[in-house]
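*Asks:* After the structure tokens below, expect a handful of questions from me.
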Amino acid sequence: MFFDSFRQNSREGLCCVVIILLAGCIPPPAGHNWYYVRRGDTLWSIARKNKTDFFSLVNANDIQNPSRIYPGMKLKVPAEESAVSAKSPAASKKRQRASKPAQSADVSFSWPVKGKIVEHFGKIDLVRSLGIVIKADSPAVKASASGIVSFCGEAGNFGDTVIIKHAGGYHSVYAYLDSVSVKTGDTVASGALVGNCGSSKKHGGRVLYFEIRFGTEAYDPMMYLN
């Protein structure tokens, strides 16, 4: 009886081991690699280590809380040849997204703040920007389109950040925020208050960093904004 019980437990244990090993052999989605989180890793350090950007990492793994990563956690990271970092050495202009994918009829983007663009998408100045920086006329930041808040938290050098998931596979990113008025999981309407812009000594006023992404790819927001 003891032997039967031992054999049953051993069989169940072996099944668990096989499942774990097979899970590790599952190939990553096309254009991605697997990365296993190590002690001391942060999403920001993982992004830099894999020559990708923070927001691609968040979107690819549907991460809602950047502090809830743990050693051994498996993350999808864009393959190096297709990855472009927002804070990496200047990239070739050929890699800039000059044309947008077919836009869903269910989503239309509006300006999150009124103001002047002080940093453009794809600007080549040691680093490449995957979004735009707007010097705002007023601090209130509004949702560019309706959707669900998929991320709300600190994003390394971008400070307090909000990401909204929209219809058709789109996301909008709002960073350099001084305060946040939403939380992860909130449903927001177009024009709803997201937070307030932070201040910038470089630009002498309040600024917002803003991105529009389709999947994990960043596109020039100026192609979308009404």
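The numbers here are math on the coordinates, done by the rules we state, and not lab data. Worth saying up front: this structure is predicted, and the values here are computed from it rather than measured. Quick reminder, even Gly has a Cβ in these numbers, built from the backbone with ideal geometry, and neighbours come from all protein chains shown.
*Asks:* Exceeding 25 Å between C-alpha atoms, which entries from my cross-link table qualify? They are Lys76/Lys116; Lys51/Lys74; Lys114/Lys201; Lys114/Lys165; Lys165/Lys202; Lys142/Lys202.
*Replies:* With Cα atoms farther than 25 Å apart: Lys76/Lys116; Lys165/Lys202.
*Asks:* Same structure again: Answer rounded, prolate or oblate for the stretch 183-226, using the Cα gyration tensor with square roots of eigenvalues a ≥ b ≥ c: rounded when a/c is under 1.5, else prolate when a/b is larger than b/c, else oblate.
*Replies:* Oblate is the answer for the stretch 183-226, as a/c is 1.5 or above yet b/c matches or exceeds a/b.
*Asks:* Rounded if a/c is under 1.5, else prolate if a/b beats b/c, else oblate: with a ≥ b ≥ c from the C-alpha gyration tensor eigenvalues square-rooted, which is the stretch 28-78? Before the final figure, lay out each step's value.
*Replies:* Values: a/c = 1.38, a/b = 1.31, b/c = 1.05.
Taking the square roots of the gyration eigenvalues as a ≥ b ≥ c, the stretch 28-78 is rounded.
*Asks:* Tell me the trypsin sites (Lys or Arg not before Pro) within the stretch 160-207 that lie in a loop according to DSSP and have at most 12 other beta-carbon atoms within 10 Å. The partial results should precede the final answer.
*Replies:* Values: sites: Lys165, Lys183, Lys201, Lys202, Arg206; in loops: Lys183, Lys201, Lys202.
Here the sparse-neighbourhood loop sites are Lys183, Lys201, Lys202.
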